[in-house]
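Okay, so here's the structure we're looking at.
Computed from the coordinates by the stated procedures, all read-outs in this text should not be read as laboratory data. This one's a predicted model, so the numbers in the text were calculated from it and none came from an experiment. Positions of Cβ are generated from backbone atoms using ideal geometry, with glycine treated the same way; all protein chains shown enter the neighbour counts.
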Amino acid sequence: MSSYPQAIAIGDINNDNLLDIVISVINPGGLFFFVGHNNRSFRMIEFYSTGLHSTPYSIALADFNHDNRLDVVIANAYFNEMRVLMGHGNGTFGKERIYPTGSESLPYFVIVTDFNQDDQLDIIISCFRNGQLLIFFGYGNGDFKLERTYYIGTDTNPYGFAVADFNNDKQLEIVVTLWGNGYVAILSEYYAVNFEKRITYQIDYAPQPYSVAIGDFNKDNQSDIVLANSGSDTINVRIGLGNGTFEKQIMYSVSTGLHPRYVNTADVDNDGNLDIVTVDSMSDCVSVNLGYGNGNFKPPQRYSTGSGSRPCSFVFVDLNNDTRLDIITANEGTDNVAVLFGYNYATFYNQRAYRAVDVAVVFYTTNNLGIFLGDGYGNGSFADVMTLSTGTNSKPWSVAVADFTNDGQMDIVVTTIGTRSIGIFYGYGNGSFAKMVSYRTDDNYFSEVVRIGDFNNDNQADIVVVNSKASNIGILLGYGNDSFAKQVNYSTDYNTHPMWVALGDFNNDNKLDMVTANRDG
């Protein structure tokens, strides 16, 4: 099953001073969270569902409530909504806050900035289908209000956009690509984001402009723009004049059929001049146009993201602290992300791909745990099953994954109803595991379902087990060193027989709550 990665964001979601990666995927619809390690590797710790076929096209990370923890905003296209997840600062997130964007709006792209200059972060979303831009004002506590709806026009299909002060009036303007009619629009902002003026520029014939980026390409301290035009296989540069207008466009071909989709700017060769980078979705590569610093650019250099990868977005980041920018791409075709490390100030090397998940399953009748490791080819295939014994007559029932020892390696916990215990396989990080260590849960009743959470906010993985026959749930608090506190049980009421448990912050108090599905009562 293909996941179709779409958007990618970088930030420190667990406050360990290491950069982490968040990726949105179309299938089944949700976000993968990867935490970074000192060795430049990443490990998936969580998947958050945005709903089956919800199509989360765009995401952004920011601190919306001033608690020094990164939060996430999602443009959830096919559900016609914006979602905000408040971060706990440990790589997990609380219950989502959902904001409708309008029937048949199809929100595609989202950015975060302070539009009304009140020192609170706001959110703007482009709605592809109904031709609108929506501005949500932030209150600084994680809540937002839809304050402005700006209608651009029928069949304009606004897609990518960016913000800057193009006319030096100390107010933000918005530049937005109009995929439907081949224009780019500049929206001038006055008086608390009431847009009173719009300037449009036609790009060229059948351009299908996807995205736009801003930079000062000729060092005149004015904001310039560059557009990625998929339909015409070009990138277009317009030099800003500082009064809200722009010079005639300069077009750069990226070769027929490459279809540039996403564009951004940075100084990738450390020469003091801004460069242009695009992902070319039909050529399986990243293109880099090095800048001269006078508004002109060199022909593109191309770097592979892998055969059949179809990259659709990327971010700049210095992953290895060598003062050279690296590029991380989200690859729709191969269901992975690729890292291109910067080298020699003008080239990139050593593409490294990260797949979404490996799979662990329990085999009840054979008393085994099965591990299927992703084969790394990006085609949804897995290596042959590796089995780990859970013990004679152990009858494994449920499985969960977490890092219980804070060594950066994933461990596996399994309930074994035949021995009335849980077993933990401590991982070495190379696909192999130590022999199972058993922890007794209850002498009288067996534990069935197991889940992981941080119930006392100490940034350690704790275990919750469902004891159906005893009509309770049990909590084992983790110490982060392969040991756990004595199990504490909480009744779900007499003869309710809980069958399942789910975790979440249901009352937005930054404390993890639980809900059980009970067979009776």
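A Förster radius of 56 Å, combined with the Cβ-Cβ distance separating ASN406 from THR149, puts the computed FRET efficiency at roughly 0.75.
For the pair TYR490 and THR200, label points projected 7 Å from Cα toward Cβ lie 5.6 nm apart.
Projected onto planes of every orientation and averaged, the convex hull of the alpha-carbon atoms in the chain covers 24.7 nm². Taking Cβ atoms as reference points and 14 Å as the exclusive limit, the residues near CYS127 contribute a net charge of -1, counting Lys and Arg as +1 and Asp and Glu as -1. In units of the compact-protein estimate 2.2 N^0.38 Å, the stretch 1-151 shows a Cα radius of gyration of 1.01. When VAL163, VAL279 are arranged by Cβ crowding within 10 Å, least crowded first, meaning fewest neighbours, the order is VAL163, VAL279.
Here the chain is treated with +1 on each Lys and Arg Cβ and -1 on each Asp and Glu Cβ, and its dipole about the Cα centre works out to around 1140 debye.
Residue by residue, the stretch 260-276 carries 3J(HN,Hα) couplings of x, 10, 10, 10, 8, 10, 5, 8, 7, 10, 6, 9, x, 10, 6, 10, 10 Hz when phi is fed to the Karplus relation 6.51 cos²θ - 1.76 cosθ + 1.60 (θ = phi - 60°); x denotes Gly or Pro.
The slack between ASP482 and LYS469, meaning 0.36 nm per residue of separation minus the straight C-alpha distance, is 1.9 nm.
By the gyration tensor of its Cα atoms, with a ≥ b ≥ c the square roots of the eigenvalues, what is the shape of the stretch 1-76: rounded for a/c under 1.5, prolate for a/b over b/c, or oblate? Since a/c reaches 1.5 but b/c is at least a/b, the shape of the stretch 1-76 is classed as oblate.
Here's the picture: charge each Lys and Arg Cβ at +1 and each Asp and Glu Cβ at -1 in the chain, and of THR154, PRO56, VAL212 the one pushed furthest to the positive end of that dipole is PRO56.
Taking label positions 7 Å along the Cα-Cβ direction at both LYS170 and ASN38, the computed distance is 4.7 nm, reported to one decimal. Straight-line cross-link reach from LYS170 at under 15 Å between alpha-carbon atoms covers these aspartates and glutamates, not counting any fewer than eight positions away in the same chain: ASP114, ASP118, ASP119, GLU189.
Exposure proxy for MET86, MET251: other Cβ atoms within 10 Å of each Cβ, ordered fewest to most, give MET251, MET86. The value of relative contact order for the stretch 1-151, using C-alpha pairs under 8 Å at least six residues apart, is 15 percent.
Local charge for LEU31 was computed over the other residues whose Cβ lies under 13 Å away, with Lys and Arg +1 and Asp and Glu -1, and equals -3. Relative contact order of the chain, taken over Cα pairs closer than 8 Å and 6 or more residues apart, is 7 percent. Counting only DSSP beta bridges whose two residues both lie in the chain, roughly 100 percent are antiparallel.
Put in order of Cβ neighbour count within 10 Å, fewest first, the listed residues TYR479, TYR262, TYR78, TYR159 become TYR479, TYR78, TYR159, TYR262. Sparse packing (at most 13 other Cβ atoms within 10 Å of the Cβ) combined with a DSSP loop state is found for the following GluC sites (Glu not before Pro) in the stretch 77-172: GLU104. Would any residue of the stretch 488-508 have its amide N under 17 Å from a label point 7 Å out along Cα→Cβ of ASP520? List them or say none. Hits in the stretch 488-508 for ASP520 at 17 Å: 491-500. You can think of it this way: the chain between ASN508 and ASN17 has 174.2 nm of extra reach, that is 0.36 nm per residue less the Cα-Cα gap. Projecting the Cα atoms of ILE21, GLY142, PRO5 onto the dipole axis of the stretch 1-151, where Lys and Arg carry +1 and Asp and Glu carry -1 at the beta carbon, places PRO5 farthest toward the positive end. A straight Cα-to-Cα reach below 22 Å connects LYS298 with the lysines LYS219, LYS248, residues fewer than 8 places away in its own chain not being considered.
In whole angstrom, how long is each semi-axis of the equivalent ellipsoid of the stretch 359-518, when you take the square root of 5 times every eigenvalue of its Cα gyration tensor and sort them from largest down?
26, 19, 15
The stretch 440-512: which trypsin sites (Lys or Arg not before Pro) are DSSP loop and have at most 12 other beta-carbon atoms within 10 angstrom? Qualifying residues, ordered by number: LYS486. Here the stretch 256-312 and the stretch 118-143 have alpha carbon centers that stand 29 Å from each other. Going through the cross-link list LYS435/LYS469; LYS435/LYS486; LYS95/LYS145, which pairs have a Cα-Cα distance over 20 Å in this structure? Violating the 20 Å Cα-Cα cut-off are LYS435/LYS469; LYS435/LYS486.
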